[in-house]
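Participant: I am attaching a structure below and will ask some questions about it afterwards.
The values are calculated or read from the model by the stated rules, or taken from the named source; none is laboratory data. Bear in mind that the values here come from a model prediction, so they are computed numbers and not experimental data. We place every Cβ from the backbone using ideal geometry, glycine too, and count neighbours over all the protein chains shown. Side chains are part of the model used for accessible areas, which takes the heavy atoms of the whole protein and leaves out ligands, DNA and RNA. Shrake-Rupley method; radii C 1.70, N 1.55, O 1.52, S 1.80 Å.
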Amino acid sequence: MSLEVVKLFLAAVENRDLLEAKKFLSPSSIMIFPGGKLIKDLDSLVEWSKKRYKFVKKTFSSFDVIKEDNKIIVYSIGMLDGIMNEGKEIKNVRYIDRFVLEDGKII
């Protein structure tokens, strides 16, 4: 179930269906990005992303699921492709996303 939550969340975010994506987040969720950038909601994520990317897409290679006490940790591993705002193409950039779920929601 937790893996499905993460996959549905990622699909909704990629499709910019923020209302759907929000269903998978805990109200107190926090997203942490490179450089320690903390983002507390999807609207802020979209605004932050607009400053960096014209376009970005993930290609998923694998998912790992780990149970830890009352939480489930899901790692999404794959590649990023896209175009930065200044026009530079990014291709086959490896990424790892870590999702922590509690009570079926991403925290």
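Participant: On a 22 Å Cα-Cα criterion, which of the cross-link pairs Lys7/Lys51; Lys40/Lys88; Lys7/Lys40; Lys37/Lys67; Lys23/Lys51; Lys58/Lys91 come out too long? List each step's numbers first, then the result.
Facilitator: Details: Lys7/Lys51 25 Å; Lys40/Lys88 28 Å; Lys7/Lys40 20 Å; Lys37/Lys67 26 Å; Lys23/Lys51 25 Å; Lys58/Lys91 10 Å.
Listed pairs above 22 Å: Lys7/Lys51; Lys40/Lys88; Lys37/Lys67; Lys23/Lys51.
Participant: Please determine, in degrees from 0 to 90 and to the nearest 10, the orientation of helix 2-14 with respect to the longest principal axis defined by the Cα atoms of the chain, where the helix direction is its Cα long axis.
Facilitator: Once rounded, one gets 30 degrees.
Participant: Report, in debye and to the nearest 20, how large the dipole of the chain comes out about its Cα centre when Lys and Arg carry +1 and Asp and Glu carry -1 on their Cβ.
Facilitator: Working: 19 positive and 16 negative charges, 79 e Å.
That gives a dipole near 380 debye.
Participant: Okay, next question. How much area per residue is accessible in the chain when the probe is 1.4 Å and only protein heavy atoms are counted (Å²)?
Facilitator: Details: 7180 Å² over 107 residues.
I get 67 Å² per residue for this part.
Participant: Distance in nm between label sites at Asn15 and Ile90, each 7 Å beyond Cα in the beta-carbon direction?
Facilitator: 2.4
Participant: Over the chain, what is the relative contact order in whole percent, taking alpha-carbon pairs under 8 Å and six or more residues apart? Walk me through the intermediate numbers first.
Facilitator: Working: 170 pairs, mean separation 27.3, N = 107.
It rounds to 26 percent for the chain.
Participant: So for the pair Ile83, Ser61, with labels modelled 7 Å out along Cα→Cβ, what separation do we get in nm?
Facilitator: It works out to 2.6 nm between the two label points.
Participant: Let me ask another. For every helix of n ≥ 4 consecutive DSSP H residues, a contribution of -39,500 (n - 2.57) applies; sum these over the chain, divide by its total residues, and give [θ] at 222 nm rounded to the nearest 500 deg cm²/dmol.
Facilitator: Values: 3 runs with 27 residues, N = 107.
That comes out to -7000 deg cm²/dmol.
Participant: Still on this structure, please answer the following. With a 1.4 Å probe and all protein chains kept in place, how much accessible area does Met84 have, in Å² rounded to the nearest 10?
Facilitator: Around 40 Å² of this residue is reachable by solvent.
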